[in-house]
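So the structure is just underneath, and the comments pick up after that.
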Amino acid sequence: MDNGKQVQGPVSFVRVLLKGLLLFALVNLLFAWWDPGGLGKLSAYNILFRGRERLPFGESPSQSYNLSLLDLDAMFASHKLDGLPKPATEYRVIVIGDSSVWGTLLRPEETLAGQLDAAGLAACHGRQVRVYNLGYPTISLFKDLMFLERAMDYEPDLIVWPMTLEAFPLDKQLTSPIVSYNAETARALIEKYGLSLDVHDPALVEAGFWQGTIIGQRRNLADLIRLQLYGVMWAATGIDQVYPSDYTPAQVDFDPDESFHDFEPPVLDGSQLAFEIIATGLQAAGGTPVLIVNEPMLVSTGQNSDLRYNFYYPRWAYDQYRQMMAEHSAQGGWTYLDLWDIVPNNEFTNSAIHMTPVGEGYMVGQVGTNILEKACEAR
Amino acid sequence: MTLPHILIFGAAALLVGLLTRNRNRLYPMLAISILAVYTLQPALPVRGLDFWLPTATLVLAALSWFVTASPTERSLRGQWPTVGLLAGIVAILASTRYIDLPFLLTAGRPPQVQQVAVALVGAGLLGIIFSRAPKWLLGVWLVLLLVIFLVLKTPALAAMAGSILRGWTQQSRELASAVDVRWLGFSYVAFRIIHTIRDRQSGRLPAVSLGEYVTYVIFFPSLTAGPIDRLERFTQDLRKPLSLTSGDLLRAGERLVVGLFKKFIVADSLALIALNATNAGQVQSAGWMWVLLYAYSFQIFFDFSGYTDVAIGIGLLVGIKLPENFNAPYRKPNLTQFWNNWHMTLTQWFRAYFFNPITRSLRSKKVPIPIIIFVTQIATMMLIGLWHGVTWNFVLWGLWHGLGLFIHNRWSEWTRARAAAWAITKARQVILNVSGALLTFHFVALGWVFFALPTPDVSWKVLLTLFGAGS
């Protein structure tokens, strides 16, 4: 001791190292214990730069300035809807669904939601129709239900829900990554609405304690940061998807094959299709009307087109599906629009359900009319 | 260097530092450096080239010792352990062609052992010939290095070299490109060798052993991105007995952690939004273009200075205190100070071996001072630009900085007295420094437009967009 001041000895490297490691372990454990589930809600979108026109999704981030991630909070916080208080003069329409709604190979303004929004539809009671895209490129009705439930936070006046038979088989409801890695949300939804899906389905990924540490969450945390950074590029360029000049067009010639998942012709077993999820969706929407749309698909005239409509569907299965949809909608009092064949073959792009802007335009007229009808019914 | 490379080399350096306490650590350092030359070399499309180029680096380094050592020091007596280590490691690496290793020490499958043996014997014979080398060989060696440099840095010449090499290996010549001859670390290796050649020519080069010389040239932490050390300083550290203290380890650890954070967190994140050839054409608004340019400016700084921190940190673990390369360059109040603090070892190198000799030469011819400054600044900066690649954009970048340095020199000459008279209070000095730093940063940032983009027309469009005049 000298003049009351402590004389500092040389700092021990080993002590510093041990302290550092201990602190790191402690912070990791605290992070896992605290479980900051809502971290994704912290977003620079709609604050530092504009929100996205559609939910984040992309496999080549450096080119599309977009990426696929599993944090639903972060995904929705990046959408422009999240930053928009609903004006009294707005009739808010939210479109949910698969990649055909999200708009694979389409610019945001070319999608169904984009074209409907640009149409400037004026609803009754002096309200302006504004349409938002909450589609997401995986095909599963349960995924749609998850998104519909979240969409309700944004006070929609109408939900448009395009769907196709591929989204119905029960065994694929929980298998898409966005569902299986949001197991807690999925289970809560199954239990809340008493769905017949298995809450212990192995597809639902159980996150253990160690996955909750910073080390365990490193990928998700990195995705969160990348989503914010790519937001800068999205805002600067308006690009959120790669638009290749060339792509493989949808298949029109087929093998003589009539298979559809595990279903056996000639009868489509309705008990293995997730019609209950549609009914649940209507329930989740509460008093908000839902417009259910059987989305357009490519009707092939190529080889073996007498057996199959397209890559996805044999004729026997799809015809019965349409019949069932009509029956369910009649029984359930759904507002249902069957647009399965309104788009000509040449207006499909790289899949039997992905359309060109012109193809989307065919839907716009029909769906737009229904939106206006619903808007005028509402008070 | 990737993160695994850094961790492995860091661990290896720590091991050497701890195990060779007060003993000779030359050979372990040389061995790691030799392995690093092969491990860091990326895979190349030309068959076997990703083995031959690292081998050429070693041969070049070893032969350069014969060329630069004074005739009395060139004897192979006492150098056999180094020769054995060099040849032994190369032979072992070549023999991995026949062994299934769970990890790869070379980028691709090594060539046949007999080919490697012939190459080693050839290199040995050259060494014997060079041990009696006349003085003029120094000049020839310098020219050879510059010619290789020119070929590697000129896209058309590099593609031509790729085409020739493809012909030798009977691969499609149509697919030849500049990437075919991506010779990792050659730039920095050449800088170090040229430094020794020039210092030998001026009689200032210290006597060093073959092992010390080769270790200096290919020292693993600074192989790929510098800093460019000086031989006399490096060997001084190398010859000091090493006894790592807690303080040394902490200093090294701090530099490593800071470097890794700068490079892999800050720079790599900024890279996602930094100006590049693709997004340059996608952004139409001035505001966003500035954001991208700022991101690039900071990305290049954090990337490069992060690597330097890592190199210095690893160097400290083996008792080598590599020189600093960056000293807060973006906070400097003028362009001259910026260049005294940005990639310092490169600018010092150019100052020592290009700028000063030319200045002396022009002064001796009684050329007026402003003209000397103009010529030397422009020539030096253009040469630094061309070192990055022989393209118009690097020429423009060099010209931009050369003109900037000249204008700053003349301006400060004119305003020095006035500025001193005005900045009599602390507040005024701060105003002068901050405004100078902001102006300098933006001048440098605008220069990055040429550096980051491939062609003058793309750069010009970006500059127009930045000032609201884009289409």
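The values are calculated or read from the model by the stated rules, or taken from the named source; none is laboratory data. This is a predicted model, so every value here is computed, not measured. Glycine gets a Cβ as well: all are built from the backbone with ideal geometry, and neighbour counts include every protein chain shown. Just so you know, the surface numbers come from the protein's heavy atoms only, side chains and all, with ligands and any DNA or RNA stripped out. Shrake-Rupley method; radii C 1.70, N 1.55, O 1.52, S 1.80 Å.
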Put simply, what bits of region A:222-270 lose 30 Å² or more of accessible area when the other protein chains are there, versus the chain on its own (1.4 Å probe)? A:229, A:230, A:232, A:233, A:236, A:237
If you count only protein heavy atoms with a 1.4 Å probe, what accessible area per residue comes out for region B:327-466, rounded to a whole Å²? 52 Å²
The alpha-carbon center of region B:372-424 and that of region A:332-379 are separated, in whole Å, by 64 Å
Alpha carbon centroid spacing (whole Å) that separates region A:287-307 from region A:171-193: 26 Å
Under 16 Å from a point 7 Å along the Cα-to-Cβ line of residue B:135: which residues of region B:59-90 have their amide N that close? B:67-73
Under a Cβ-Cβ cut-off of 14 Å, what is the net charge of the residues other than residue B:6 that fall near it, where Lys and Arg count +1 and Asp and Glu count -1? 0
Given an 8 Å cut-off on Cα distances and at least 6 residues of separation, report the relative contact order of region B:327-466 as a percent. 30 percent
Express the C-alpha Rg of chain B as a ratio against the empirical globular expectation 2.2 N^0.38 Å, rounded to two decimals. 1.04
Entries of A:86/A:172; A:19/B:321; B:426/B:461; B:321/B:366; B:240/B:332; B:153/B:240 with Cα pairs more than 31 Å apart: A:86/A:172; B:426/B:461; B:321/B:366; B:240/B:332; B:153/B:240
Going from most exposed to least, what order do B:202, B:33, A:68 have by accessible area with a 1.4 Å probe? B:202, A:68, B:33
Hey, can you find the accessible area per residue of region B:26-239 for me, probe 1.4 Å, expressed in square angstrom? 43 Å²
How far is helix B:3-19 tilted, in degrees, relative to the longest principal axis of the Cα atoms in chain B, given as a value from 0 to 90 rounded to the nearest 10? 60 degrees
Net charge near residue A:12, counting Lys/Arg +1 and Asp/Glu -1 over other residues with Cβ under 15 Å of its Cβ? +1
On C-alpha positions alone, give me the angle between the axis of helix B:426-452 and the longest principal axis of chain B, in degrees, nearest 10. 60 degrees
Square roots of 5 times each gyration tensor eigenvalue, C-alpha, region A:181-312, largest first, Å: 35, 28, 18
Ordered by residue, what ³J(HN,Hα) values in Hz, to whole numbers, does region B:155-160 give under the Karplus form 6.51 cos²θ - 1.76 cosθ + 1.60, where θ = phi - 60° and Gly and Pro are x? x, 5, 5, 5, 5, 5
Taking only DSSP H segments of four or more residues, each worth -39500 (n - 2.57), what value at 222 nm results for chain B once the sum is divided by all its residues, to the nearest 500 deg cm²/dmol? -22000 deg cm²/dmol
Region B:46-76 scanned against label point 7 Å out from residue B:112 along Cα→C-beta; backbone N under 12 Å for none
From the phi angles alone, apply the Karplus equation (6.51, -1.76, 1.60; θ = phi - 60°) to region B:84-101 and give each ³J(HN,Hα) in whole Hz, x where the residue is Gly or Pro. x, 5, 4, 5, x, 5, 4, 5, 4, 4, 4, 6, 5, 4, 9, 10, 8, 8
To the nearest 10 degrees, the tilt of helix B:246-260 (Cα long axis) against the first principal axis of the alpha carbons of chain B is 70 degrees
Pairs of alpha carbons in region B:327-466 whose separation is greater than 27 Å (percent): 27 percent
In whole percent, how big is the carbon plus sulfur part of the accessible area of the protein assembly as shown, probe 1.4 Å, protein atoms only? 62 percent
What value does the protein assembly as shown have for Rg/Rh, both radii from Cα atoms and Rh as Kirkwood defines it? 1.05
Which helices, taking whole DSSP H runs in chain A, have alpha carbons extending 18 angstrom or more along the helix axis plus mean Kyte-Doolittle at least 0.0? A:13-34, A:218-237, A:357-377
Note: residue A:267 to residue A:44 extended length (0.36 nm per residue) minus current alpha-carbon separation gives 75.1 nm
Which order do A:354, B:442, A:261 take by accessible area at a 1.4 Å probe, largest first? A:261, B:442, A:354
What net charge do the residues around residue A:171 carry, taking every other residue with its C-beta under 10 Å from that of residue A:171, with Lys and Arg at +1 and Asp and Glu at -1? -1
Given Cα pairs under 8 Å that are at least 6 residues apart, what percent is the relative contact order of region B:26-239? 33 percent
Which residue fluctuates most in the GNM of chain A (Cα springs below 10 Å): A:108, A:357, A:202? A:202
Pairs of Cα atoms under 8 Å, at least six residues apart: use those to get the relative contact order of chain A, whole percent. 20 percent
Amide proton proximity set for residue B:242, modelled H, under 5 Å, gap of 5+: B:22, B:23
Residue-averaged 222 nm ellipticity for chain A, from DSSP H runs of 4+ at -39500 (n - 2.57), nearest 500: -11000 deg cm²/dmol
Estimated buried accessible area (total), pair A and B, 1.4 Å, Å² to nearest 100: 1300 Å²
Testing the spin-label approximation: label points 7 Å from Cα along Cα→Cβ at residue A:19 and residue A:220. State their distance in nm. 3.2 nm
If you take the C-alpha gyration tensor of region A:95-183, multiply each eigenvalue by 5 and take the square root, what semi-axes do you get, largest first, in whole Å? 26, 15, 10
Inter-probe distance in nm under a simple model that places probes 7 Å from Cα toward Cβ, at residue A:199 and residue B:429: 7.1 nm
What nm value, rounded to one decimal, do you get for the distance between residue B:156 and residue B:354 when each label is placed 7 Å out toward the C-beta? 2.1 nm
Amide H neighbours of residue A:293 at under 5 Å, excluding residues fewer than 5 places away on the same chain, with H built from the backbone geometry, are A:161, A:163, A:337
What FRET efficiency comes out for the pair residue B:175/residue B:467, r = Cβ-Cβ distance, R0 = 60 Å, nearest 0.05? 0.90
Comparing each residue of region B:237-260 in the complete protein assembly with the chain by itself (heavy atoms, probe 1.4 Å, ligands and nucleic acids ignored), those losing at least 30 Å² of accessible area are B:246, B:249, B:250
Under 5 Å, built H, 5+ apart or other chain: amide partners of residue A:91: A:128, A:129, A:130
For region B:224-252 and region B:352-366, what is the separation of their Cα centres, given in Å? 33 Å
Quick one: if the Förster radius is 25 Å, what FRET efficiency do residue A:128 and residue B:285 give, using the C-beta to C-beta distance and rounding to 0.05? 0.35
Based on the Cα atoms of region A:233-379, what semi-axes does the equivalent ellipsoid have, where each is the square root of 5 times one gyration tensor eigenvalue, given in whole Å with the largest first? 27, 26, 14
1/(1 + (r/R0)^6) with r = Cβ-Cβ of residue B:365 and residue B:2, R0 = 35 Å, i.e. FRET efficiency to nearest 0.05, evaluates to 0.10
